[in-house]
Amino acid sequence: MFEYNGLKFHWLGHDSFRIKNSDTIYIDPFQISTGIKANIILITHEHFDHLSVEDIEKISTQKTIIIAPNIAIKNLKGLTSDNIMVIKPGEKKKVLNSTIEAIPAYNINKFRSRDAVFHPKDEGRLGYIITLNKIRIYHAGDTDFIPEINDLKVDVAILPVSGTYVMTAEEASQVTNKIKPKVAIPMHYGSIVGDIHDALKFQKLSKSKVEILKKEFN
């Protein structure tokens, strides 16, 4: 767990986080134990390691608000909570005590085949900026270092570092050196692809303070 200005950050493995203060916010819960119930769940996209109905149900109540891009909505039917909100790239919503802003997330140089990237821009996958207690937190989702990141102003940046499907440790450090968050946290390693060495490389190359979190299970 890492605490920043009263906000508690828990890394639950891969891209999954719980952020706790006045709201309890989960992002992309995946392979978690039964945890603290969520006020808000943010889903970045529809892939199985980001949208897990089984894990969403572990932390949901009828009042939980689930926010997701359009590409993920068809996979969110029949949940305990029917408070499901669609958000589009560039859109901003006030939700409980938080403001949620959707940032595009896509690949520009990670290819599944010669002419097709893993996460095309036109399919509308997301990262998020969460503003809670005046702290701006950026969770990048599955993305490369795309132009939309260049002008972001955030306090905490949570960035993928493993390459293959997302930015590499070197590319993630270029992000931090460009947008200069107060703190950066690496993710997207230790599960599907990548390992602690990617996080350590990111820490070495980044000029921002880097917190490498220990994985928690709930």
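Which percent of the accessible area of the chain is formed by carbon and sulfur heavy atoms (probe 1.4 angstrom)?
Working: 4620 of 9470 Å².
Roughly 49 percent, rounded to a whole number.
Would you list, by chain and number, the lysines whose Cα falls below 20 Å from the Cα of LYS201, excluding same-chain residues fewer than 8 positions away?
LYS110, LYS178, LYS180, LYS182, LYS209, LYS214, LYS215
Of the listed values [x] 16.5, 54; [y] 19.2, 61; [z] 15.7, 46, identify the label whose number matches Rg and Dmax of the Cα atoms in Å calculated from this model.
Computed from the coordinates, Rg and Dmax of the Cα atoms in Å corresponds to [z].
Enter the Cα centre distance for the pair the stretch 138-169 and the stretch 49-115, rounded to the nearest angstrom.
So the two Cα centres are separated by 17 Å.
How large is the helix-only mean residue ellipticity at 222 nm for the chain, computed as the sum of -39500 (n - 2.57) over DSSP H runs with n ≥ 4, divided by its residue count, in deg cm²/dmol to the nearest 500?
Values: 4 runs with 31 residues, N = 218.
Calculated at 222 nm, the ellipticity per residue is -4000 deg cm²/dmol.
Report relative contact order for the chain in percent, whole number only (criteria: Cα-Cα under 8 Å, sequence separation at least 6). Spell out each step's value before the answer.
Numbers: 539 pairs, mean separation 35.5, N = 218.
Normalised by residue count, the contact order of the chain is 16 percent.
Return the loop-located chymotrypsin sites (Phe, Trp or Tyr not before Pro) in the stretch 163-218 (DSSP other than H, G, I, E, B) with at most 13 other Cβ atoms within 10 Å of their own Cβ; answer none if there are none. Please list the in-between numbers first.
Working: sites: TYR165, TYR189, PHE202, PHE217; in loops: TYR165, TYR189, PHE217.
When the chymotrypsin sites (Phe, Trp or Tyr not before Pro) of the stretch 163-218 are filtered for loop state and at most 13 Cβ neighbours within 10 Å, PHE217 remain.
Quick check for you: with a 1.4 Å probe and neighbouring chains kept, what is the accessible area per residue of the chain, in Å²?
Working: 9470 Å² over 218 residues.
Normalised by residue count, the accessible surface of the chain is 43 Å².
If the cut-off is 17 Å between C-alpha atoms, which aspartates and glutamates fall inside it for LYS37, apart from same-chain ones fewer than 8 positions away?
Of all the aspartates and glutamates, those that pass the test against LYS37 - Cα under 17 Å, at least 8 places apart if same chain - are ASP23, ASP28, GLU54, ASP55, GLU57, ASP82, GLU216.
The values are calculated or read from the model by the stated rules, or taken from the named source; none is laboratory data. In this text the structure is predicted, and so the values were computed from the model without any measurement. So basically every Cβ, Gly included, is an ideal-geometry build from the backbone, and we count neighbours across all protein chains shown. These accessible areas exclude ligands, DNA and RNA; they are computed on the full protein's heavy atoms, side chains included. Shrake-Rupley method; radii C 1.70, N 1.55, O 1.52, S 1.80 Å.
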